[in-house]
Every structure is written in structure tokens, then in C-alpha cells.
1. Dipole of segment 131-304, Cα-centred, from +1 at each Lys and Arg C-beta and -1 at each Asp and Glu C-beta, to the nearest 20 debye?
2. List the lysines whose alpha-carbon lies under 21 Å from that of Lys151, not counting same-chain residues fewer than 8 positions away?
3. Measuring from a point 7 Å past the Cα of Asp88 along Cα-to-C-beta, which residues in segment 1-41 have an amide N at less than 18 Å?
4. Count neighbours as other Cβ atoms within 10 Å of each site's Cβ, and list the GluC sites (Glu not before Pro) in segment 28-106 that are DSSP loop with at most 13 such neighbours.
5. Just how far, in whole angstrom, is segment 185-215 from segment 73-114 if you go by their alpha carbon centroids?
6. Between Tyr206 and Phe153, with labels modelled 7 Å along Cα→Cβ, what's the label distance in nm to one decimal, could you check?
7. Rounded to whole Å and sorted largest first, what semi-axes of the equivalent ellipsoid does the C-alpha gyration tensor of segment 131-304 yield via the square root of 5 times each eigenvalue?
8. Starting from the Cα coordinates of segment 243-298, work out the convex hull volume and express it per residue in Å³.
Amino acid sequence: MIVGVPKEIKTAENRVAMIPAGAEQLVAHGHKVLVQKGAGIGSGFEDEAYKAAGATVMASADEVWAESDMMVKVKEPIAEEYPRVKPDHVVFTYFHYAADETLTRAMLKSGAVTIAYETVQLETGELPLLTPMSEVAGRMAVQEGAKYLEKTFGGRGILLGGVPGVPSAEVVVLGGGVVGTHAAKMAAGLGARVIILDVSLDRLRYLDDVMPANVELVYSNRVNILEAIERADLLVGAVLLPGAKAPHLVSKEDLKLMKDGAVIVDVAVDQGGCVETVRPTTHEDPTYVVEGVIHYCVANMPGAVPRTSTLALANATFAYALKLADNGWQKACREDHALALGVNTVGEKLTCLGVAEAFGLDYTPIEVVLG
Ligand SMILES: NC(=O)c1ccc[n+]([C@@H]2O[C@H](COP(=O)([O-])OP(=O)(O)OC[C@H]3O[C@@H](n4cnc5c(N)ncnc54)[C@H](O)[C@@H]3O)[C@@H](O)[C@H]2O)c1
């Protein structure tokens, strides 16, 4: 199979989907790897390293797309990439369709098979290809939140950990999954007082066992959310309903309860955000203010730390990319149900229920497509 690795072109996106070690292994399995010139530079991988691994470095994105059977990417195609997606392509990347109807319709129209990292799901419910980026984004959420709480960045001017004799900040985390857990761990480690809200009692029980004493676990309902956001200096949005749009747990009106200069980092922005007033921002212009509350809503947070994120992502995605290359997508998905759940579109068929429901489109189960 010919596997293409284009340079990511989303704003300030420096990750790359395949590292030279991955290219080397694909080549050893008899595949051809085409890497766009400069694709790995932002993550510290020179073209020479790909060449040494046996890959071919191509001058342009058009060439890579035109000559490849499977495209391995990091972020969803953006508008200027839509015309490059052809019916015989398999595109393996993050899509986050439920937050983007235009993208959904464009990929259905392209006729390609699109496999979304974020909906590959193990029997345990774990999302193995979302996990590494959620780990990064969760940890970053506290780093960014702490920064915007500083007065010079418009925040309340409060130190997360306080100092002896002065209370530490209150950090509220909505959703205690991977993002929430890593955010809570970081915030707690810095000495903040942390509240995690989740609807899963099993998850709350587990977190109760592993979290330090400065982390409080609270069941997520309307009353408890309102009580928590009133206290919050930093609110981290980390809720996920897999494949579906995030529920708005905090409305514009609710923001009036929050402190002036408090910060919201809504990591769930890529699924629409769990705060009503959230809209995607970029690393170049990451924040805006509503009702006196700073909103940080960068949809590709891990892109800011590409040397960490590229390795973390490639460690998780490579085994699946190799399976797809070795077996073709249909055989690979028949043999691996977790991977089959990653298939969101096949030609004009939409095979992800959450996305179909989000936009009122027809849904075809992947099992029907695979026969
Ligand atoms: N912005 C970025 O750069 C970036 C990076 C990585 C992940 N993400 C996003 O972060 C979000 C969270 O990802 P994750 O890996 O932590 O997901 P996860 O599935 O591990 O965790 C989600 C948690 O939300 C909980 N939840 C569901 N409904 C809830 C409710 N009403 N109240 C409180 N909790 C509720 C679930 O029980 C679960 O524990 C996703 O949207 C993901 O795509 C964004």
C-alpha cells in the first residue's frame, strides 16, 4: 500500500502523523511511504530522517494526496484540503465530525473511507487514540489556566497553589475522564483545591481511590455544577459523549455566577464545548472574554507541544495504521472491532450514530457495510 503523510496546515499545527521509526516499519512490511517535504520539521524530524527510514519525500501536498492509497494525518482536513480527498482514499486522522457539519458533508461527498482516531473504541469503552492527546491537553489545561489567571493576561491575579497563609485557587473540572484526570492531577500537584464532577459513579469511585486529598469528587448534576462554578477560579471543560456533540452544562446566564477574571479552559471545544459561550480559538489568538470570564478554547491544544504530542500520538496510532496498510481497511476492521468503530464514513454512507444524530443524517451501521 502507498501511505501518505502530508504536512499539517491547520493554524500553528506542528504535529506530524508518522515519525521516521514508523515509516521504517511500514517500509519493512513492503509498503511505500510518501512524506511531504517539511512535514516533520515542527516536531523535530528532518526530511533526511524520513529518507534514511526508506520513505520518499515529496515536494507538495497535492502529489502526496494524489499518489497515496491511505492518508495518515493529525487534524481533520480543512477546506483547502477537501478537493484532495478522492473516493479511493482511506483517510486516518482526527475528524471530530459531530462539531462540524460542513466537514461531514464534504467527506461524505468525497466518497472516501474516513476513519476517525477519536471513535476507535476498545470493549472496555476506552478510546485508545484519543487518550494520548487527552493526556497532553488535560495537563496543558492547567498550565494555560494558570497563565491566564495572571493579572497581565487579564485574569484574577491568583496563584493556583497559593502560599502558606493564603488560600490556593479553586479548580473545577467538568468530566473526570482522561482530560479531567490529568488536569486534576496537575492542579492538585500545584496545590490548588480541586473539584471533579462526573456522571459516572464508577469513575468517581475510582478517582476517589487514586486522587490526593485536595481533590473532591462530586456527582455532576445541575445543582452541583452551579455551586461549583460559583467557587471556581479555573473551570476546565472535559466532558465527552463519544462521537456526539458535547452537552452544554454551563449556559451564558450561568457565567454571571462566576467570579470576574475567572478562567474557563474548555478542552471539549473540539466536540462543541460543554460551556454554551465556547467557540473554537487558535494558538495565535487563544482567548476572549464573556461576562468577565476569560475563555480559552483552542481546539488543537497538543499542537503547541509538538515534540511531546507527536511521539505520544504516533505511539498509539501506529499499530492501527500498520494493520490498515497490511490488510486493507475492510479486513483490518473485520478483525478488529475497535478499529471498525473508528470508521465514520464509507463513500456516501455515514457509519457513526452520534454524527448522524447530530445532523439528522441517515445512519448505516458499520457491520452492515462490512457485511
Ligand atoms: N482541545 C483539544 O486540544 C483536545 C485534546 C484532546 C481531547 N480533547 C477533547 O476533550 C474532551 C474529553 O476527552 P476525554 O478523553 O477526557 O474523554 P473521556 O471519555 O475520557 O472523559 C469524558 C468524561 O465525561 C464524563 N461525562 C459525560 N457526561 C457528563 C456530564 N453531564 N457531567 C460530567 N461529566 C460527564 C464521562 O463520564 C467521562 O468520564 C473530548 O471532547 C476530547 O475530544 C480536546
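None of the figures in this text is laboratory data; all of them are computed from the coordinates on show. It should be emphasised that the depicted structure is a prediction, and the values quoted were computed from it without experimental measurement. With ideal geometry, Cβ positions are generated from the backbone for all residues, glycine too; neighbour counts draw on all protein chains shown.
1. 100 debye
2. Lys256, Lys259
3. Flagged as within label range: 1-5, 31-34.
4. Listed in order of number, the matching sites are Glu46.
5. Rounded to whole Å, the Cα centres lie 37 Å apart.
6. In this crude label model, Tyr206 to Phe153 measures out at 3.0 nm.
7. After scaling each eigenvalue by five and taking roots: 20, 19, 16 Å.
8. Considering the Cα atoms of segment 243-298, their hull volume per residue is 62 Å³.
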